[in-house]
1. Exactly one condition in (1) away from the ligand (no atom under 16 Å from the Cβ); (2) over 28 Å from GLN142 (Cβ atoms); (3) of a type in the set (A, V, I, L, M, F, W, C) is not met by ALA78; state its number.
2. Which numbered condition in (1) without any contact (Cβ under 8 Å) to a residue 12 or more places away in the chain; (2) β-branched (Val, Ile, Thr); (3) closer than 15 Å to GLN6 by Cα is the only one that THR103 fails?
3. Name every residue in the stretch 103-145 that is within 16 Å of the ligand (Cβ to nearest atom) and β-branched (Val, Ile, Thr), in order of residue number.
Amino acid sequence: MRYLTQRYSMPDDRVKATLTDIGTEELAHYEMIGTMIRQCMQGATCAELDQAGLAGYYTMHDHGVFPADPNGVPFTTAYIACTGDPIADLSEDMAAEQKARATYEHLMNMTGNEQILEPLYFLREREVVHFQRFGECLEIIQGIYNGRSSCSCRNARRRRP
Ligand SMILES: [Fe+2]
């Protein structure tokens, strides 16, 4: 959602296309993760869910797949983080990809199950590629602004370089 939202304020079609491509791919990753969670929870008894620390989750969502972090904090649109400033947004996207890579590595450390590890290896690799692609986008944008402010407001106050 973040990338599909930020794309509108990008001043270069190549960067817009990259954000659209990666944003669309991330939706497919959500489908993969949702499927993995569903497969892991499917058929689990209440006692098994309780033992896994998922009693609260079960109370709110049964065996459904609900977008929340491991502490039960639900996804919010605040995570979309669109500032409208191409340099700020792309810099944050690069950090987001590194955080996603680290999270996948932490998940891999938590399991020895090959059926879980294989898709996590794949997803981790994609985050590395996304980080690199956003780095290329940032170079394009920095070339366009060439040290000038990337603020799009016509009457914005001039800033010192
Ligand atoms: Fe990614």
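1. (2)
2. The one condition THR103 does not meet is (3).
3. Within the stretch 103-145, THR103, VAL128, VAL129 qualify.
Condition check ((1) surrounded by fewer than 13 Cβ atoms within 10 Å (Cβ to Cβ); (2) assigned to a helix (DSSP H, G or I); (3) within 16 Å of the ligand (Cβ to nearest atom); (4) at pLDDT below 95) across all residues:
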residue: THR5; (1), (2), (3), (4): no, yes, yes, no
residue: TYR8; (1), (2), (3), (4): yes, yes, no, no
residue: ARG14; (1), (2), (3), (4): yes, yes, no, no
residue: ASP21; (1), (2), (3), (4): no, yes, yes, no
residue: GLU25; (1), (2), (3), (4): no, yes, yes, no
residue: ILE37; (1), (2), (3), (4): no, yes, no, yes
residue: CYS40; (1), (2), (3), (4): no, yes, no, yes
residue: GLY43; (1), (2), (3), (4): yes, no, no, yes
residue: ALA47; (1), (2), (3), (4): yes, yes, no, no
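Residue-wise test of (1) exposed (fewer than 15 other Cβ atoms within 10 Å of the Cβ); (2) within 16 Å of the ligand (Cβ to nearest atom); (3) not in a helix (DSSP H, G or I).
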| residue | (1), (2), (3) |
| --- | --- |
| TYR57 | no, no, no |
| ASN71 | yes, no, yes |
| ALA88 | yes, no, no |
| SER91 | no, yes, no |
| ALA96 | no, yes, no |
| LYS99 | yes, yes, no |
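The values are calculated or read from the model by the stated rules, or taken from the named source; none is laboratory data. Just so you know, these numbers come straight off a predicted model, no measurement behind them. When we count neighbours, we look across all protein chains shown, and the Cβ atoms used for this are built from the backbone with ideal geometry, even at glycine.
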